[in-house]
1. Condition check: buried (at least 21 other Cβ atoms within 10 Å of the Cβ), under 14 Å from residue 52 (Cβ atoms) and aliphatic (A, V, I, L, M). Does residue 101 satisfy that?
2. (1) at negative phi; (2) surrounded by fewer than 16 Cβ atoms within 10 Å (Cβ to Cβ): which one isn't true of residue 36, the others all being true?
3. Considering the range 133-175 alone, what residues qualify as being assigned to a loop (DSSP other than H, G, I, E, B), in contact (Cβ under 8 Å) with a residue 12 or more places away in the chain and either open to solvent by 40 Å² or more (accessible area, probe 1.4 Å) or more than 16 Å from residue 210 (Cβ to Cβ) (or both)?
4. Picking from 15, 3, which residue would you name as being in contact with an Asp or Glu (Cβ under 9 Å, 6 or more places away or on another chain), over 17 Å from residue 153 (Cα atoms) and polar (S, T, N, Q)?
5. If I ask for residues that are touching a strand residue (DSSP E or B) at 6+ places or on another chain (Cβ under 6 Å) and touching a residue at least 12 places away in the same chain (Cβ under 8 Å), which ones from the range 1-11 would you list?
6. Would you say residue 130 is in a loop (DSSP other than H, G, I, E, B), surrounded by fewer than 21 Cβ atoms within 10 Å (Cβ to Cβ) and either in contact (Cβ under 8 Å) with a residue 24 or more places away in the chain or among the acidic types (Asp, Glu) (or both)?
7. If you go through the range 214-233 one residue at a time, do you hit one that is at pLDDT below 95 and more than 17 Å from residue 140 (Cβ to Cβ)?
8. Taking the range 104-127, which residues are open to solvent by 40 Å² or more (accessible area, probe 1.4 Å) and in a loop (DSSP other than H, G, I, E, B)?
Amino acid sequence: VLTIKSPDLTVKDYTLRRETIKVASLKGYKHLPGGGWDYFVDPNQKIAYMRLASFSRTTGDELDKAVDELKAKGARAIILDLRYNPGGLLTAATDVSDKFLHSGVIVSTRADRDTPNPPTVATAHADGGETDLPLVVLVNQYSASASEIVSGALKDQHRATIVGERTFGKGSVQMMFGLTNNDALLKLTTSHYYLPSGKCIHREENSTEWGVDPDVTVEMTPEQMRAAIDARQDMDVLRDAKVVVKAGPATTQPAKKDLLASDPQLSAGLLLLRLKLSNGAAM
């Protein structure tokens, strides 16, 4: 039993039970009291916000469910936030890309040396589950691997406008090779990921080009990044639906900032979609 004292000095006991916790990879704009997400960053214009924290086995299904919910609520555009996303499963990255593409190359691999592994190409397929809603993708220097595959495919296929800063540049493919009767394993880079344009994602020591360059560059200072993360974390808090938050005692702590006021990259993406919707143009 965990006893929690709230800022308004109320005290409540919570009974904790040991069990497997499944962490969702897809999050919305703000947590609803009691569970679930409010996806609309702009309820009036019906512009939705979705943030992918990672690419896991359930990411594709989570995205399908969220998009179906948004369509049912009349969503007109989507902001997909891939900032700070370190990547994950390649299959999840192709599933996410395929949700927004009807056809075309998503990503390819080819070896930089002689290897028995042939080149590979992942393509999008028109299966009826795609969404054509206008799309902005947010990236920064901490968007890596699968995040770069998704943002790069959507950019090269002219499906989305990319906003933020150049991505990390993690595009190597590793394989495990057994040594001494498999008593030890050698992890070796065997190939690299390439975007539909033919650009290599990976950043080598002397690289001048790597990752995904944004269509609209919006840089953030370390102070802005910290403020945006703090505002984001406050909106991610899952609050009890039955608890009414009361004003606490006076404090000298600064008030928490509004997320849009703290996050120029998100604000820029939102502005672009508002303009597109007002002009009736597709992205």
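The values are calculated or read from the model by the stated rules, or taken from the named source; none is laboratory data. Predicted model, so just to flag it, every value in this text is computed and none were measured. Cβ sites come from the backbone with ideal geometry, for glycine too, and all protein chains shown count toward neighbours. For the accessible areas, the whole protein counts, side chains as well, though only heavy atoms, and no ligand, DNA or RNA atoms are used. Shrake-Rupley method; radii C 1.70, N 1.55, O 1.52, S 1.80 Å.
1. Judged against the criteria, residue 101 is not a match.
2. Condition not satisfied by residue 36: (1).
3. Selection gives 133, 134, 141, 142, 157, 159, 160, 166, 168, 170.
4. Values: 15 fails: in contact with an Asp or Glu (Cβ under 9 Å, 6 or more places away or on another chain).
After applying the criteria, what remains is 3.
5. Of everything in the range 1-11, those that are touching a strand residue (DSSP E or B) at 6+ places or on another chain (Cβ under 6 Å) and touching a residue at least 12 places away in the same chain (Cβ under 8 Å) turn out to be 1, 2.
6. In short, yes.
7. no
8. Answer for the range 104-127, where residues must be open to solvent by 40 Å² or more (accessible area, probe 1.4 Å) and in a loop (DSSP other than H, G, I, E, B): 112, 113, 114, 115, 116, 117, 118, 119, 125, 126, 127.
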